[in-house]
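Notes follow once the structure below has been shown.
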């Protein structure tokens, strides 16, 4: 069973089961869920019924407009159209019998095998296609206070009973649940793994509960996702030779990431290769590169995945030198460039001059434009580097021909590294929105004084106002920054400010008047979304001594025009 909740770990989401039971999604006006069926069946068994009951619980007493049920089938199943309709009608009948909605509020239709959501050629994919989709639609004027959804919807009853016990007592319950057919055996293992009940997981194989071959494959997949490598290895040694090629390949593809040791995971991948598994697609290697697991990448490459190395993989590996080195050792091209123009200059972390020189020696263009993400605007390598690299690296890139004019105000605002901001100012980066940039830098407080000094040396106006009337002096006063106020006053900025940044029509006032209005008390905590605002509580204001001291310093500076 695949069960998707926000609190689940990454490994949970990787534990893709052969016969899932329910999946969820929700929004303010609807709740969507899928319930899954055994091959060739439209019968709702115990666990599926539990899940439908949970959906009913989530809706609570809120009136609904309609429940839409759409039945689906796998292309492997006979009479797919009729079977999918039978599944939809089974779900409809359950809700008609067990809720106050009535059959008139439940609409059922069938799609046969025409709308698969996964590959029918695999057992996992076929299981996902044997489903009934449910969508509860609420009225647009829904009263949220009516709904009685509470924490008791979170756990199914059998889960509570199973987890409440230990040792032999828990195994008695597990055998009963499995024998009656109320719960699928893999679901017992899944719950033990998700809830970190290793005591239950290790006892279940010895509890005398019969399992089918497909169920054991499903349990092994979950064990691998949760880092139970010893369990997986023992299972593979015992049943690996009897697996079909597609099953071995699916295990190999899903082994790329999860919980536990990366080295152990790489060893499992090598075991799967030895058992005959083959990487027939790039998915496993792509996953390992994305998660920057160098030993896992090496294991896939050694098993034959090197034929999937292309420009996209090499460029994506730029974020991990260890992964990149492995791809290059297996034939990757250092000069790779994606269809979006992205190169290793865009994705690598250029920590040293040697890193830059290596890419230059590889034939990469230091001014090539590319997108780090498809939706991002094009950037140059220098634009990427100024957000993180050292001044030494930036100087070297400029000497190597990087175009300083590719930078602009957005790059000054895009980094909080003062040294890089100073480097951009002193190297003549075009700044068209001077006031906006100066205000942005002033917001960084005292640490930004060297940047403001560099701007002053370049002749930029430190006293200008933005389209919203903000100025560096007004920002410094409102943020209780006496050092910045002193710096600006000494540079002769206008002593008129507008303090209400949200109102363009707010009046301009003398800086001294604005400083006198600064509060000296501890600011109240923000209002909680679920309770009373702290400002409404009857407590006396508390003077913040630090604020008081900074306010007095600012007042002295503004009154005397000197420190």
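Per the Cauchy relation, a quarter of the hull surface: what is the mean projected area of the convex hull of the alpha carbons in segment 30-137, in nm²? Working shown, then result.
Details: hull surface 24.5 nm².
Over all viewing directions, segment 30-137 projects a mean Cα-hull area of 6.1 nm².
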Taking N as the residue count of segment 261-333, its alpha carbon Rg divided by 2.2 N^0.38 Å gives 0.99
Mind checking the angle between helix 245-254 and the chain's longest principal axis? C-alpha axes, 0 to 90 degrees, to the nearest 10. 30
P(r) of segment 374-533 over all Cα-Cα pairs, 5 Å bins starting at 0, rounded to whole percent, reads 1, 8, 16, 18, 16, 13, 11, 8, 5, 3, 1, 0, 0
On a 0 to 90 degree scale, rounded to 10, what angle separates helix 213-225 from the longest Cα axis of the chain? 20
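What percent does the relative contact order of the chain come to when contacts are Cα pairs within less than 8 Å and at least six residues apart? Walk me through the intermediate numbers first.
Working: 923 pairs, mean separation 41.7, N = 563.
Relative contact order for the chain comes out at 7 percent.
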Label points 7 Å out from Cα along the Cβ direction at residue 97 and residue 479: separation in nm? 6.6
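Could you calculate the FRET efficiency of residue 446 with residue 270 from 1/(1 + (r/R0)^6), where r is the beta carbon distance between them and R0 is 60 Å, rounded to 0.05? List each step's numbers first, then the result.
On the way: r = 55 Å, r/R0 = 0.92.
Working from the Cβ atoms, E equals 0.60.
How large is the direction-averaged shadow of the alpha-carbon convex hull of segment 230-371, in nm²?
8.9
In what order do 471, 161, 406, 242 fall by count of nearby beta-carbon atoms within 10 Å, going from fewest to most?
Details: 471 26, 161 15, 406 18, 242 8.
If I rank by nearby Cβ atoms, fewest first, I get 242, 161, 406, 471.
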From the C-alpha gyration tensor of segment 399-473, square roots of 5λ in Å: 20, 13, 11
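For the chain, what is the mean residue ellipticity at 222 nm derived from helices alone (per DSSP H run of n ≥ 4: -39500 (n - 2.57); sum divided by total residues; nearest 500 deg cm²/dmol)? Present the calculation step by step, with values, prior to reporting the outcome.
Working: 28 runs with 259 residues, N = 563.
After summing the helix terms and dividing by the residues of the chain, the value is -13000 deg cm²/dmol.
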To check my understanding: the extent here is largest minus smallest coordinate of the Cα atoms along each principal axis. What are those three numbers for segment 334-432, in Å, largest first? 33, 31, 19
What are the extents of the Cα atoms of segment 400-444 along their three principal axes, in Å, largest first? 33, 21, 16
In Å, the Kirkwood estimate of hydrodynamic radius for the chain over Cα pairs equals 29.2
How long are the three semi-axes of the equivalent ellipsoid of segment 316-361, in whole Å, if each is the root of 5 times an eigenvalue of the C-alpha gyration tensor, listed from largest down? 15, 14, 10
Crossing angle, helix 229-239 versus the chain [Cα axis fit, 0-90 degrees, rounded to tens]: 30
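When 328, 44, 394 are ordered from fewest to most other Cβ atoms inside 10 Å of their Cβ, what list results? Let's see the in-between values first.
Working: 328 16, 44 19, 394 23.
Lowest to highest Cβ neighbour count: 328, 44, 394.
Using the 10 angstrom Cβ neighbour count as an exposure proxy, how do 253, 546, 128 rank, fewest first? Before the final figure, lay out the partial values.
Numbers: 253 21, 546 11, 128 24.
The most exposed by this proxy come first: 546, 253, 128.
Bear in mind that the values in this text are calculations on the coordinates, not laboratory data. Computed from a prediction, not measured in an experiment: that's the story for all the values here. Cβ: placed from backbone, ideal geometry, glycine included. Neighbour counts: every protein chain shown.
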